[in-house]
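Notes for the one structure printed next.
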Amino acid sequence: MIEVICNDRLGKKVRVKCNPDDTIKDLKLLIAAQTGTKPEKIVLKKWYNIFKDHITLEDYEIHDGMNLEL
């Protein structure tokens, strides 16, 4: 299990625990459950890279304690 921290740029941070073999879509569903937003509206970014839904966290090299932006 890894823990990913998501920042929505409005001062709210969400901590989500997931497996490295989960897809970005699975991560979006977990974030949506905690924040109350729809998973279709969530866009995950790191700097200027936008993550695609069908690729796993391992493939994007997202590790424990990594920060992502919503």
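The values are calculated or read from the model by the stated rules, or taken from the named source; none is laboratory data. Bear in mind the structure is a predicted one, so any value in this text is a computation, not a measurement. Positions of Cβ are generated from backbone atoms using ideal geometry, with glycine treated the same way; all protein chains shown enter the neighbour counts. Heavy atoms of the whole protein, side chains included, go into the accessibility calculation; ligands, DNA and RNA do not. Shrake-Rupley method; radii C 1.70, N 1.55, O 1.52, S 1.80 Å.
Quick rundown of the values:
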quantity	calculated
Checklist (1) over 17 Å from residue 7 (Cβ atoms); (2) of a type in the set (A, V, I, L, M); (3) open to solvent by 80 Å² or more (accessible area, probe 1.4 Å) applied to residue 50, failing item	(1)
Per-region count, the stretch 54-70, residues touching a residue at least 12 places away in the same chain (Cβ under 8 Å) and of a type in the set (Asp, Glu)	3
Scan of the stretch 25-52 for residues that are of a type outside the set (Val, Ile, Thr), within 9 Å of the chain's Cα centre (by Cα) and closer than 15 Å to residue 9 by Cα, ordered by number	44, 45
The stretch 8-18, residues that are surrounded by 12 or more Cβ atoms within 10 Å (Cβ to Cβ) and closer than 20 Å to residue 56 by Cα	14, 16, 18
Residue count for the stretch 19-28, restricted to those that are surrounded by fewer than 17 Cβ atoms within 10 Å (Cβ to Cβ) and among the polar types (S, T, N, Q)	1
Tally, over the stretch 29-46, of residues that are loosely packed, with under 14 Cβ neighbours inside 10 Å and without any contact (Cβ under 8 Å) to a residue 12 or more places away in the chain	5
For residue 2: the one exception among (1) within 11 Å of the chain's Cα centre (by Cα); (2) open to solvent by less than 80 Å² (accessible area, probe 1.4 Å); (3) not charged (D, E, K, R)	(1)
